[in-house]
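A quick write-up on the structure given underneath.
The values are calculated or read from the model by the stated rules, or taken from the named source; none is laboratory data. Computed from a prediction, not measured in an experiment: that's the story for all the values here. Every residue, glycine as well, gets a Cβ built from its backbone with ideal geometry; the counts of neighbours run over all protein chains shown.
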Amino acid sequence: MSTQDEIRRASTDFYAALTRMAAGHERTMASIWPHNILVTAMHPIGGRDEGWDAVSSSFDQVAKAATGGKISLHDQLIRVIGDVAYEIGSEKGSFTFAGRTVDIDQRVTNNYRKQDGEWKVIHHHSDMSPAMIEIVKSL
């Protein structure tokens with residue numbers, strides 16, 4: 001399998017976990033991220049999470065208020081530099097968040113690192129979502 005195919009598989013796993021999270025399932029990210037202090041995330045509701053505990057908690061918090069979701073990556077572009085890779089594209093989908101439907105159509109960057117023979121997500125960054133920010137403010 002080529003390195004590009006390995007990254008595509010890691011990306012497919014990430015978006016499957018993201019869809020499960022958007023459908024209300026917690027702890028969907030555990031197998032695809034390293035559990036260390038170096039991982040980071042910048043979500044559509046703003047802010048920055050550093051370290052596995054904060055990153056996993058942020059995804060789980062969304063899952064607690066989410067139902068019926070599906071999120072997928074479109075227009076994927078992958079670049080590999082040694083044991084680090086990144087992908088850019090557009091996330092598209094929708095889900096119900098705190099009782100309100102949110103449509104997703106935002107740019108995204110995901111970074112991966114090969115560790116112990118597997119590509120793992122080490123950073124996720126998406127555009128901010130005014131709709132999601134408004135919902136969070138109303139909670």
ask   = Tell me, which residue of the stretch 96-130 that is buried (at least 16 other Cβ atoms within 10 Å of the Cβ) and of a type in the set (Gly, Ala, Ser) is farthest from residue 54 (Cα to Cα)?
value = 129
task = Residues being acidic (Asp, Glu) and either modelled with pLDDT under 95 or more than 16 Å from residue 104 (Cβ to Cβ) (or both): count how many of those fall in the stretch 58-78.
result = 1
remark   = If we keep only residues of the stretch 93-139 that are acidic (Asp, Glu) and in a strand (DSSP E or B), then the residue nearest to residue 41 (Cα to Cα) is 105
query = Of the residues 90, 31, which is assigned to a loop (DSSP other than H, G, I, E, B), among the small types (Gly, Ala, Ser) and out of contact with any Gly (no Cβ under 8 Å at 6 or more places or on another chain)?
reply = 31
task = Name every residue in the stretch 1-28 that is under 20 Å from residue 87 (Cβ atoms) and assigned to a loop (DSSP other than H, G, I, E, B), in order of residue number.
result = 1, 2, 28
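One line per residue, one yes/no per condition, for (1) of a type in the set (Phe, Trp, Tyr); (2) farther than 22 Å from residue 93 by Cα:
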{"residue": "36", "(1), (2)": "no, yes"}
{"residue": "43", "(1), (2)": "no, no"}
{"residue": "47", "(1), (2)": "no, no"}
{"residue": "59", "(1), (2)": "yes, no"}
{"residue": "68", "(1), (2)": "no, no"}
{"residue": "73", "(1), (2)": "no, no"}
{"residue": "82", "(1), (2)": "no, yes"}
key: Test for residue 67: is it over 15 Å from the mean Cα position of the chain (by Cα) and not acidic (Asp, Glu)   = yes
ask   = In the stretch 41-54, what residues are under 26 Å from residue 103 (Cβ atoms) and either among the aromatic types (Phe, Trp, Tyr) or in contact (Cβ under 8 Å) with a residue 60 or more places away in the chain (or both)?
value = 41, 42, 43, 44, 45, 46
ask   = Residues of the stretch 15-50 being among the small types (Gly, Ala, Ser) and surrounded by 15 or more Cβ atoms within 10 Å (Cβ to Cβ), which ones?
value = 17, 22, 23, 24, 41
